[in-house]
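A quick write-up on the structure given underneath.
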Amino acid sequence: MSARKPALGFILVTLFLDILGLGLIIPILPRLVESFVGNDPTEGAFYVGLLTATYAVMQFFCAPLMGSISDRYGRRVVLLVTLFGQVLDYLLLAFSPTLGWFFLGRVLAGVGGASIGTAGAYIADVSPPEKRAQNFGLIGVAFGLGFIAGPAMSAWLGTVQLPFLGLDALRTPFIVAGCFTLVNAVWGVFFVPESLAPENRRAFSWSRANPFGALRYLARYPVVLGLSASWLLFGIAQRGLENTWVLYTQYRFDWGVRETGFSLAVVGLAAAVVQGGLSRRIIPKFGERRVLTFALGVSAVTFACYAFASQGWMMFPIIVVSAFGGLTQPSAQGLMSKAVPANEQGMLQGGILGVGSLTGAFGPPLATNLFGYFAGADAPIALPGAGFLMSSLLTVFALLMAIRTFKRLPA
C-alpha cells in the first residue's frame, strides 16, 4: 500500500491541472472569442458554446477508448500520453492567431481531458469498495482547488504581458499552465507506478472502446444505467451554468476578469471544503442515497436563485449553499462503482466520462444561446438568467430519476 501513496498524489495533481486548465479558460475565453468577432456579445456567446461543445464531443469519443486501453495496458501509459497532449494544447491556445486554431486546441484538450476517467479508474484500483465514495470525493477536492487556482491565475496573469514572447496578456495563463502540466508529466514518467494488477486486465475490444458500445455497456447494469441518466441531466444543467457564468455576470453586474475570476475561485474553495472535507464525513454517516438526494435538491434550488439574483453580492451566499450540490459526484460515482466488478472499473469510468462529455456537448450551446436570445434586443422579455432556470428544471428531473433508480438497489 505504501507504493500507492505517491501515485495517488500524482493522480490528484493531474486532476487538479485538468480543472486548472478549465478554470483558466472560463474567465478569459469569452473575451478572447469576442476579440475575434468584433466584440459582439451575441456572436461571442454562440462561439463560446460551440468551442465548449467541441471539447465535449472529442472527450465523448475518446473517453471510452482511453478507458478500454487502460483496462488492457494499464492506467499509467494513458495518463502520461494525455498529459503531454495537454501541454501541446496549451501552446496552441497561447499562440493561436485565429479562432480556427482555438478550435484545434479544444480538440486536443478534449482528447487529453479523457484522462479524467482513467484517473478515476486508478483511484478505484487502489481503494477498497467501502472507501471508494470517500476517495472519489478527493476528485472533488482536486476540482475545487483547480477552480480556485485557475480563475485566480486568470485574474492575475491575465493582466501580465510577456514581451519576450510577443503575446497579449490574456494568453499568459496558458503558458504558465503548460509549464505546470509538463512538470507533472515528467514526474509521472519517473516516479508513478502502475495501479492495475495483471490479473485484473482484460483484452481490448473495439465494441467496448467506442462511445456507443460503452453506453450499451452501462445498460447491462440497471443501477449504473439509471444513475447515468440522472448524471446526464444534472451534468447538462451544471455545464450550462459554468458556460454562461461569465456572460451573465458581465451582462447583469458589469463584472470584469477580476470579479469573475474571484467569484469562480470562491466556487472552487467552497467545492474543495464540501467535497474534500465534509464529504468524507457526510457520505459514511448518511449513505450515498440520502446524500445524492440532498445534493440534487440543493442544486435545483440554487440554480433558480442565480437566475433571479438582482445584485452581484447575492451570488456569493448562493455559491456557498450550492457547493453542497457537489456531493452529487462522489455519491453517484460510489454507487455505480460498487455495481461493477474490479476488471471493469476502467470501462465504467470511461463510460461515466463519456456521459459527462455529452453534457458538455449539449449544456453549453443550450445555455449560451438561451442567454444570447433573452439578453438580446429582440427578446419578448428580458430574462438573461433563462439558462439557469433551464438548469434548475433539468436537475429536478435528475432527482426524480435518481429516486426511481434507488428502488433497484438492495435494501
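Structure values in brief
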| quantity | calculated |
| --- | --- |
| Pairs where the first residue, in region 183-201, is within 18 Å of PRO128 (Cα to Cα) and the second is of a type in the set (Gly, Ala, Ser) and exposed (fewer than 15 other Cβ atoms within 10 Å of the Cβ), C-beta under 7 Å, 6+ apart | ASN200/ALA342 |
| Listing of helices (runs of 4 or more DSSP H) fully contained in region 130-225 that carry 3 or more residues being in contact with a Pro (Cβ under 6 Å, 6 or more places away or on another chain) | 132-157 |
| Verdict on ILE28 being surrounded by 23 or more Cβ atoms within 10 Å (Cβ to Cβ), modelled with pLDDT of 75 or more and either in contact with a His (Cβ under 7 Å, 6 or more places away or on another chain) or closer than 26 Å to VAL189 by Cβ (or both) | no |
| All helices (runs of 4 or more DSSP H) inside region 302-406 with 1 or more residues being surrounded by fewer than 22 Cβ atoms within 10 Å (Cβ to Cβ) and touching a Lys or Arg at 6+ places or on another chain (Cβ under 6 Å) | 386-406 |
| Pairs with Cβ under 6 Å, 6+ apart, first in region 321-342 and in contact (Cβ under 8 Å) with a residue 60 or more places away in the chain, second among the acidic types (Asp, Glu) and in a helix (DSSP H, G or I) | SER331/GLU288; GLY334/GLU288; LEU335/GLU288 |
| Filtered residues of region 32-43 (kept if without any contact (Cβ under 8 Å) to a residue 24 or more places away in the chain and surrounded by 17 or more Cβ atoms within 10 Å (Cβ to Cβ)) | GLU34 |
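The values are calculated or read from the model by the stated rules, or taken from the named source; none is laboratory data. As the structure is a prediction and not an experimental result, all values here were calculated from the model. Don't worry about glycine lacking a Cβ; one is built from the backbone with ideal geometry, like all the others, and counts go over all protein chains shown.
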